[in-house]
Amino acid sequence: MRKLSTKIWVLIIAYLMVTIVFMYLFADFLYEQFYVEDTKSEMMEIGENIQSMYTGGKVTDEYVEMVEAFNMHSNYHIFAVRNPRELSACVPFEIDYNTLIGPNERRILLNGETVTKIGYEERFKREVVSVILPLTDQKRLEGIIYIYYPLAKITELAKNEVAILMVGGLLFTLVIAIFVYKSLQRIMRPLNELQRAVEQMSEGDYSARVKVTSKDEVGMLSEAFNHMAEAIQREDEKQKSFLTTVSHELRTPISYIKGYSEAIQQQLLVGKERDEAMELIHREANRMERMTNELLQLVRKDSEEIELFPIVLSETIRESIKLLEGQAHEKNIIIATNLDDNIIVQGDEEKLKRIFINVIENAIRYSNENGKVAINCYQSNHHAIIEFQDEGIGIPAEDLPHVTERFYRVNKARSRFDGGAGLGLSIVEQLVKLHDGKLHIDSVLGKGTLVKISLPIMEED
């Protein structure tokens with residue numbers, strides 16, 4: 001595949017060739033229209049002046065001598081003859097008299113008109129223009145005035161000017177070539193940098209960036225590439241962080257399950273110790289099951305469909321709270337509710353529960369002991385508004401815009417007690433969108449977090 005610079009060079013050279021051909025044709029046109037036509041017009045004007053001196057009758061020797069005298073001082077070669085064959089003694093080249101004055105030319109001359117001819121003459125190595133004017137008396141051709149002139153070649157018309165033009169053209173071409181070369185370098189530099197950056201990214205280096213040096217299409221392309229690279233790098237970092245978190249989260253329960261199960265199998269644990277080990281195995285298995293379910297939920301994100309049924313929203317919220325009462329009791333957290341029992345929405349009950357459980361569980365997890373979680377549900381502008389307000393540790397302002405992104409964890413410490421894998425709020429946002437709802441989160445560090453969910457209310461027929 002040809003390089004872009006090669007294509008541009010080929011295009012420039014093609015334009016130059018077209019320009020040269022056009023200038024050649026244009027110069028030839030000017031040569032014909034101005035020089036040749038002007039020469040013919042001037043020859044005809046001189047011939048008509050000499051023709052006007054003929055008074056009729058036979059062409060006299062005096063008239064012929066007068067024309068010869070005029071010829072001595074003219075730029076053109078002018079002769080007056082009674083018979084065209086007499087021209088052989090006047091002109092330094094051979095003339096085909098039958099071609100010079102044939103039947104058609106004789107008819108034109110007898111009508112008092114002028115005959116003009118142009119042809120190449122080997123004697124002069126150039127074109128020769130000739131003008132023949134009739135000397136007629138009573139419809140008889142008594143003689144002719146023959147004027148000829150070897151035309152100058154186009155290069156001879158401006159010999160010095162052509163040389164200057166050629167030198168100037170060469171210098172101009174050289175300057176243009178340098179200018180085009182420098183311009184192509186400038187144009188191709190960001191494209192070459194972009195190519196190198198793409199190659200870096202294809203090799204797994206997502207930190208590659210290109211410098212944006214212009215506001216044109218190339219600059220816009222470079223800027224778009226940088227945005228894309230940043231997005232890919234962020235996603236890659238999130239996935240790496242996620243894999244690190246998941247591997248740690250899974251490694252711990254797997255090591256517990258493996259160790260305690262081997263101890264039980266070898267009958268190293270009996271009685272109360274055995275029961276505690278079985279309970280721990282069960283708890284860790286539940287944690288792994290929950291994590292795999294969250295991962296499956298994210299995988300089904302783009303293809304998942306929901307079945308909507310009329311749902312009494314307050315009942316679904318209370319059922320979700322009931323499932324988490326044990327966790328709240330462990331931290332002595334009060335869950336206060338203020339729910340409108342008349343609000344009915346079109347929704348998938350299991351997925352709505354999943355939303356509320358994730359949000360309430362987060363509120364409990366990040367609340368201080370002896371704290372309070374307030375849950376309000378009310379109607380506003382044909383929407384059900386569900387608010388979850390805790391008095392916990394809050395979310396830093398710089399993390400707040402990212403908390404619903406997949407794999408994002410506010411607490412980067414890989415502790416199995418103070419945070420999950422960074423999937424909960426991402427799943428919440430996904431499920432809220434499936435219900436045509438909106439999710440909004442406000443938080444003040446050290447004072448608590450407010451999660452607000454808006455769902456459309458079922459319209460009555």
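When the stretch 191-242 is examined, which residues are found to be β-branched (Val, Ile, Thr), open to solvent by less than 70 Å² (accessible area, probe 1.4 Å) and under 27 Å from THR6 (Cβ atoms)? Quick ask: steps written out before the conclusion?
Initially, the stretch 191-242 is screened for residues β-branched (Val, Ile, Thr), giving 198, 210, 212-213, 218, 232.
With the extra rule that they be open to solvent by less than 70 Å² (accessible area, probe 1.4 Å), the set shrinks to 210, 212, 218, 232.
Of everything in the stretch 191-242, those that are β-branched (Val, Ile, Thr), open to solvent by less than 70 Å² (accessible area, probe 1.4 Å) and under 27 Å from THR6 (Cβ atoms) turn out to be VAL210, VAL212, VAL218.
For the stretch 130-156: of the residues being surrounded by 14 or more Cβ atoms within 10 Å (Cβ to Cβ) and modelled with pLDDT under 75, which is nearest to VAL81 (Cα to Cα)?
ALA152
MET188 fulfils the conditions (1) under 18 Å from the mean Cα position of the chain (by Cα); (2) modelled with pLDDT under 75; (3) open to solvent by 90 Å² or more (accessible area, probe 1.4 Å) except for a single criterion, (3). For the stretch 59-96, the set of residues classified as of a type in the set (D, E, K, R), within 14 Å of ILE145 (Cα to Cα) and not in a helix (DSSP H, G or I) consists of ARG82 only. Pick from the stretch 267-290 the residues that are among the basic types (Lys, Arg) and surrounded by 11 or more Cβ atoms within 10 Å (Cβ to Cβ): which of them is farthest from the chain's Cα centre (by Cα)? If we take residues in the stretch 267-290 being among the basic types (Lys, Arg) and surrounded by 11 or more Cβ atoms within 10 Å (Cβ to Cβ), then ARG274 is farthest from the chain's Cα centre (by Cα). Are any residues in the stretch 312-327 surrounded by 15 or more Cβ atoms within 10 Å (Cβ to Cβ), in a helix (DSSP H, G or I) and of a type outside the set (Ser, Thr, Tyr), and if so, which ones? Matches in the stretch 312-327: LEU313, ILE317, ARG318, ILE321.
When THR55, THR116, THR60 are screened for being touching a residue at least 60 places away in the same chain (Cβ under 8 Å) and open to solvent by 50 Å² or more (accessible area, probe 1.4 Å), only THR116 passes.
Consider LEU4 carefully, then state whether it is open to solvent by less than 100 Å² (accessible area, probe 1.4 Å) and at pLDDT below 75. Yes, satisfied. Suppose the filter is surrounded by 12 or more Cβ atoms within 10 Å (Cβ to Cβ) and among the acidic types (Asp, Glu); does GLU94 pass it? So GLU94 does not fit the description; no. Per this entry, VAL359 is counted among residues that are open to solvent by less than 20 Å² (accessible area, probe 1.4 Å), in a helix (DSSP H, G or I) and in contact with a helix residue (DSSP H, G or I) (Cβ under 9 Å, 6 or more places away or on another chain).
The values are calculated or read from the model by the stated rules, or taken from the named source; none is laboratory data. Just so it is clear, the structure is predicted and the values come from calculations on it, not from any experiment. Because the Cβ atoms are built from the backbone with ideal geometry, glycine has one as well, and the counts that use them run over all protein chains shown. Remember, those area values only see protein heavy atoms, side chains included, never the ligands or the DNA or RNA. Shrake-Rupley method; radii C 1.70, N 1.55, O 1.52, S 1.80 Å.
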